[in-house]
Each structure stands twice: as structure tokens, then as C-alpha cells.
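S.K.: Got a structure for you, questions after.
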Amino acid sequence: MTKKRLLVIGSNGIGKSNLLESVELLGSLRSHRSSSDQDLIYWDEKSAFLKAITSDKDQIELELRRKGGRKAYKNEKIVTRQIDLIGPLRCVGFSALDLLLVRGEPSLRRHWLDRVVLQLEPIYSDLISRFARLLRQRNQLWRRWQDNADEDFEALLDAFDVQMALVSTRIHRRRMRALSRLQPLADAWQKRLSKDAEGLKLHYVPGAFLEEGEEELRFRLSIEKQLFSQRVEERRLGSCKIGPHRDEIEFLLNGVSARRFGSAGQQRTIVLSLKLAELELVGEIFGENPILLLDDVLAELDPIRQLLLLEAVGHKHQCLISATHLEAFEGDWKADSQILEL
Amino acid sequence: MLRQPEEKIKAFADALLKARNQVGQCQKCFHLTAEKECEICKNNSRDKTKICVVADSRDLLALERTREYKGSYHVLGGLISPMDGIGPELLNVTSLVERVTKEGSLEVILALTPSVEGDTTSLYLAKLLKSFVKVTRIAYGLPVGSELEYADEVTLARALEGRRDI
């Protein structure tokens, strides 16, 4: 790349998102699109291979195999720890899917927040996958043993409660911490983008009652108790009602729910503020500005918001931008950009 | 295999068949054995007041290779996993409780993997046994000889969790 900004232009299905996704994959070792490597490898191929050379002259390579197992290399040396690979290509993605962040399903907001936490603490991925597995096992337990609930059944539920309470506590706290770090940044961006008309509050509505204070044990025991006391209801509904899988994040504009009462334009501005806050937070923590990946999203913004985003990003961040038509961009975006037509 | 002489292949096949027919499970601990009771259960110099619970015979062999443990074992035959239809009734749990009460064990050591299924099984067994015997669990930590810097975060976090006074 010869310039800070790269516009990738091409018709649908030609591979624009692929290019951006490969940068994301090399930078974070995960894709926002899929959690399975199988989905990332071309049909009928046994493996996929990615290679990037950074401006610091680092050469990063990643090999995905259909049979499973990844191999990563940095400067031709095999790398076994995630941490050694993540860093040179740290990036923040912004896709058309994110535009639904405010009014879409709560799971979209949870995934967004999880991606932020993962940037801050890679170990979080272990907690998330552990919780998902616990939940699946627990729901299966209900399905299989519901008809002959005996002493064993209760004892097994107890065993799940203990683990779920611990993992839930840790997930809740990390999500809470990440939100409180994003809060001031997002609010500042919202004020700037709305010319001081709107304040933004990120309100965490946890899927369990959380105790005040910092002590983990009290937190945990309280969730254990809640899990226990919802069992009658759980039996009736067949699913667990307590935990981070029921978390919700509310966006309040001047104290009012933006999901319910915000205009379409306000909702888009909130998404912009959130992404800019994420970009700033990641940059702040790692002392280096992350790469911004704008996948088919810039053209979705009206001219005013395009310009606001351009102004906000400035020349601080390297940007990879994909779109079907060059005409969709405001003149200022095109100027000073490298254009790649596929 | 095609290039090998026929007798060799035949001997190999016979050995496999023999193993298939002869190897069974120990009546006491469910470890693999060709006899009624396995070598470990028969060995009188082993400490029978301690029972180490493992998921399968491979885990038992790994522990044996350390030559550190002198107690007896109990092979569960798997881990509790509702997703795979495995509940406690499909594992050698009842026999474990019977052994503990009959043999007057003093300690049950749970040596199961720290996965969701392993932890569920450990917690379940602990609850079941803890009223009449001391139940402990092996610690999870850093492999010896590995430098702290090279340990992954999950291992480090678990090691930190299982820390103790020195």
C-alpha cells in the first residue's frame, strides 16, 4: 500500500470483503463473519494461506487447514503464542452489519462488546467459549433428564451452577469494565458529531442481579443463588434465564432509549461514535493506532456523516475501505487515497 | 504391510485378536487387564487408603509413569457430558462409592481434565463423596522447565488461581 487510505472498488462477490477479512484475521486471529476455520477456506481446498508484510518489515503468515489446527509464522519463524502474532496488525472493523447495532437483536450488542473486551484481554475468549459450552451442556441436561429428575439430576445441576456462577461473574465484570472505559470516549464523540446536542450513555443491563462492590466471592455466590432459585422456571421454559447470555446494552441519548425513540440518523451517529470510541480505546491501550477496516459501510452513510468520519479518522489511522462504486464517496475521501479496482 | 512376509502378518493379526479376547477390565478399578484384577489392585505394597480417580486407562498410565503415586486408582470410563448422553449412571460411579465405603478409604484424589466436562464430573463426585471421605483435586499449573513467559494466559490464570502459601 502506497497511501494511508486504500479504496477497494469492485462488483459484488469479487472478493473485496475477503481482502479486508484477511487483514482482520491476520491482525486478530479471528473473523467477525465466522468462528470456524472451515468457513474461511475456499471450497474444495485443503487449506488457506495468508501473508502480510508490514511497514515495520515484519512478515506475518497464517495457514488454516480444513482438518483443523492453524500454523502461524512471524519472519519465517513458527509462532505458538497468540500474543506474539497479535500486535503488528491490530485492527478495528466496521461493517454494514454494525449499522444494526442500536436497533438490532441484543446478541449483536453483546458480540460487539465481546470483540472490544477481546482486544483488551485475549484470555476472554476462553471464558466466552467455556460459558457457551456450559450453557449447551446444561440445556441438554434439562432435555435428557427432565422426565426422570432424581437426586442425581439436582446434583448435576448444582455442579453446573458452581461453574456457571464463576464464569458468569468474570464475563459480567469484564463487560462492565470495558463499557465504563468506552463510556467517556463514546460520549465525547457523540457530542462532537451532534455539535453538542446529544450526550450518549452506555447502560449495562446485566442478565443477572449483580452485587455492588469489588469482591468476587460475593458476586459469585449471589449468582449461584439466583441460578438455583430460577430452576422451577427453567424447568418450565427449558432454558436458563440467568447469565451473561441475557445481557443487554442500552444506548441512551440524553437519557432516552435510542433503540426505541432515536431517529435512523441518530442511531447511525451512535454507531459511528461507538466505533470511534473503540478505535480510540484500542489505540490508547496499545500506544499504536489500529487499522480501520470499513467494509461496505462508508457508502451507506450520508455525505455529512461520511465527512464527519473522515474528519475524525483524519490521517491517524490506516484505512482499508471497500465499496461497489467509487461515486459513493465524497470527494475528500477519494483525494489522497490509493484506489484498487478489482 | 503388503511387503511383509505372510507369517509376520499372521502373528500380528493373532496378537491383535488375542488382545481383543483377553484384555478386559479390572473388577475393582476398571483399569485394562488380562486377569480378574489388575496388577495395581493386586499389589499389596500399594496404599489402598488412597483412590485416584481418572477418566480412562491412558490417564492412569500417565500418572503411573511419574512413579510418584503409590495409591490405588479408579477408572471412570469417561466424563459426564449431557450433550453426548453420558450421565453418571454410564460411568463407574456407583462402584467408586461402594469401594470408598467398603475399603474404608481415607482420601479420594480427583485427577480429571480441567474442561467443562471434567470439572462437572469433579464437582459432582466431590459432592457425592465429601460427607464420608476427604476429597482432593490435582492442581493445574505450569509445566516444569517452561518459562513463565512462554506459558499461555489460560494456563497462567489457572496456576494463579490454584496458588498456595509457601
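S.K.: Among the residues of the range A:83-94, are any within 14 Å of chain B (Cβ to nearest Cβ) and crowded, with 17+ Cβ neighbours inside 10 Å?
M.R.: yes
S.K.: Among B:ARG58, B:ARG158, B:ARG99, which is more than 14 Å from every other protein chain (Cβ to nearest Cβ) and farther than 25 Å from A:PHE153 by Cα?
M.R.: None of the others qualify; the one that does is B:ARG58.
S.K.: Still on this structure, please answer the following. Looking at (1) assigned to a loop (DSSP other than H, G, I, E, B); (2) over 12 Å from B:VAL53 (Cα atoms), can you tell me which one B:GLY77 breaks?
M.R.: (2)
S.K.: Being more than 17 Å from A:LEU89 (Cβ to Cβ), out of contact with any strand residue (DSSP E or B) (no Cβ under 7 Å at 6 or more places or on another chain), part of a loop (DSSP other than H, G, I, E, B) and not β-branched (Val, Ile, Thr) is the filter here, so list the residues in the range A:6-45 that pass it.
M.R.: Of everything in the range A:6-45, those that are more than 17 Å from A:LEU89 (Cβ to Cβ), out of contact with any strand residue (DSSP E or B) (no Cβ under 7 Å at 6 or more places or on another chain), part of a loop (DSSP other than H, G, I, E, B) and not β-branched (Val, Ile, Thr) turn out to be A:SER11, A:ASN12, A:GLY13, A:GLY15, A:ARG33, A:SER34, A:SER35, A:SER36, A:TRP43, A:ASP44, A:GLU45.
S.K.: If a residue has to be crowded, with 16+ Cβ neighbours inside 10 Å, more than 10 Å from chain A (Cβ to nearest Cβ) and not small (Gly, Ala, Ser) to count, how many in the range B:115-134 make the cut?
M.R.: Number satisfying all stated conditions: 2.
S.K.: Next question. Within the bounds of the range A:259-282, is there any residue that is surrounded by 18 or more Cβ atoms within 10 Å (Cβ to Cβ), outside any helix (DSSP H, G or I) and either out of contact with any Ser or Thr (no Cβ under 7 Å at 6 or more places or on another chain) or among the small types (Gly, Ala, Ser) (or both)?
M.R.: Within the range A:259-282, one or more residues are surrounded by 18 or more Cβ atoms within 10 Å (Cβ to Cβ), outside any helix (DSSP H, G or I) and either out of contact with any Ser or Thr (no Cβ under 7 Å at 6 or more places or on another chain) or among the small types (Gly, Ala, Ser) (or both).
S.K.: Sort out which residues of the range A:135-161 are surrounded by fewer than 16 Cβ atoms within 10 Å (Cβ to Cβ), more than 9 Å from chain B (Cβ to nearest Cβ) and modelled with pLDDT of 80 or more, and write them in order of number.
M.R.: A:GLU154
S.K.: Any residue at all in the range B:126-138 that's farther than 20 Å from B:CYS29 by Cα and assigned to a helix (DSSP H, G or I)?
M.R.: Yes; the residues of the range B:126-138 include at least one that is farther than 20 Å from B:CYS29 by Cα and assigned to a helix (DSSP H, G or I).
S.K.: Right, something else. Go through the range B:79-92 and give me each residue that's facing another protein chain (nearest Cβ under 9 Å) and either farther than 24 Å from A:ARG138 by Cβ or in contact (Cβ under 8 Å) with a residue 24 or more places away in the chain (or both).
M.R.: Result: B:ILE80, B:SER81, B:PRO88.
S.K.: Which numbered condition in (1) of a type in the set (Asp, Glu); (2) surrounded by fewer than 16 Cβ atoms within 10 Å (Cβ to Cβ); (3) touching a residue at least 12 places away in the same chain (Cβ under 8 Å) is the only one that A:ASP196 fails?
M.R.: (3)
S.K.: Within the range A:1-8, is even one residue farther than 22 Å from A:LEU118 by Cα, at pLDDT 90 or above, surrounded by 14 or more Cβ atoms within 10 Å (Cβ to Cβ) and of a type in the set (Val, Ile, Thr)?
M.R.: For the range A:1-8, residues farther than 22 Å from A:LEU118 by Cα, at pLDDT 90 or above, surrounded by 14 or more Cβ atoms within 10 Å (Cβ to Cβ) and of a type in the set (Val, Ile, Thr): present.
S.K.: Please go through (1) out of contact with any Ser or Thr (no Cβ under 6 Å at 6 or more places or on another chain); (2) at pLDDT 95 or above for B:VAL154 and return the number of the only condition it doesn't satisfy.
M.R.: Checking B:VAL154 against (1) out of contact with any Ser or Thr (no Cβ under 6 Å at 6 or more places or on another chain); (2) at pLDDT 95 or above, the one that fails is (2).
S.K.: Quickly run through the range A:45-81 and pick out the residues that are surrounded by 14 or more Cβ atoms within 10 Å (Cβ to Cβ) and either hydrophobic (A, V, I, L, M, F, W, C) or at positive phi (or both).
M.R.: Passing the criteria: A:ALA48, A:LEU50, A:ALA52, A:ILE60, A:LEU62, A:LEU64, A:ALA72, A:VAL79.
S.K.: Do the conditions hold for A:ALA132, that is, is it crowded, with 20+ Cβ neighbours inside 10 Å and either within 27 Å of A:LEU281 (Cβ to Cβ) or more than 25 Å from the chain's Cα centre (by Cα) (or both)?
M.R.: no
S.K.: Pairs, please: C-beta under 9 Å, at least 6 apart or cross-chain, first residue at positive phi and in the range A:329-342, second of a type outside the set (A, V, I, L, M, F, W, C) and part of a loop (DSSP other than H, G, I, E, B)?
M.R.: A:ASP336/A:LYS3; A:ASP336/A:LYS4; A:ASP336/A:HIS315
S.K.: Here's another thing I want to ask about it. Given the criteria under 30 Å from A:LEU120 (Cβ atoms), without any contact (Cβ under 8 Å) to a residue 40 or more places away in the chain and not aliphatic (A, V, I, L, M), does A:GLY287 qualify?
M.R.: In short, yes.
S.K.: Could you list all residues from the range A:1-32 that are in contact with a Ser or Thr (Cβ under 6 Å, 6 or more places away or on another chain) and of a type in the set (Val, Ile, Thr)?
M.R.: Result: A:VAL8, single match.
S.K.: Could you please let me know if B:GLU107 is among the acidic types (Asp, Glu), within 14 Å of chain A (Cβ to nearest Cβ), surrounded by 13 or more Cβ atoms within 10 Å (Cβ to Cβ) and over 12 Å from the mean Cα position of the chain (by Cα)?
M.R.: no
S.K.: Also, quick follow-up: For a quick check of your reading of the model, give me the residue pairs whose first member lies in the range A:232-244 and is of a type in the set (Val, Ile, Thr), whose second is outside any helix (DSSP H, G or I) and at pLDDT 85 or above, with beta-carbon atoms closer than 6 Å and at least 6 apart or on different chains.
M.R.: Listed pairs, sorted by first residue: A:ILE242/A:ALA208; A:ILE242/A:GLN230.
S.K.: On to the next question. For the range A:103-123, which residues satisfy the criterion of being in contact with a Leu (Cβ under 7 Å, 6 or more places away or on another chain) and surrounded by fewer than 18 Cβ atoms within 10 Å (Cβ to Cβ)?
M.R.: A:LEU108
The values are calculated or read from the model by the stated rules, or taken from the named source; none is laboratory data. Given the structure is predicted, the values throughout are model-derived calculations rather than measurements. Please note: Cβ atoms are built from the backbone with ideal geometry, for glycine as well, and neighbour counts cover all protein chains shown.
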